[in-house]
1. State which residue is surrounded by the fewest Cβ atoms within 10 Å (Cβ to Cβ) when the search covers only the stretch 45-63 and only residues that are part of a loop (DSSP other than H, G, I, E, B) and touching a strand residue (DSSP E or B) at 6+ places or on another chain (Cβ under 9 Å).
2. Could you check the stretch 19-37 and list, in sequence order, the residues that are at pLDDT below 95 and either on the phi < 0 side of the Ramachandran plot or within 15 Å of the ligand (Cβ to nearest atom) (or both)?
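The values are calculated or read from the model by the stated rules, or taken from the named source; none is laboratory data. What you see is a predicted model, and the numbers here were worked out from it, not measured in a lab. Please note: Cβ atoms are built from the backbone with ideal geometry, for glycine as well, and neighbour counts cover all protein chains shown.
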Ligand SMILES: [Zn+2]
């Protein structure tokens, strides 16, 4: 388990977080994933086993526990947005 951030040497805090996971064209969210979060820069660290388990979940055809709607925007339209 990582204790010091690779990028900024900040302290890593263990928390359960929601992770957005892109799998092909699909965006999946996995809830309550045990991760290390840098207190300084927010970099996330996962154990190899945790990462593998997430990939497995993302790949599986298992019925999701829930769904969220996602709005998609083109960045170039930002100037005309209010
Ligand atoms: Zn950091």
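1. Looking at the filtered set, the residue picked out is 47.
2. Answer for the stretch 19-37, where residues must be at pLDDT below 95 and either on the phi < 0 side of the Ramachandran plot or within 15 Å of the ligand (Cβ to nearest atom) (or both): 19, 20, 21, 22, 23, 25, 26, 27, 28, 29, 30, 31.
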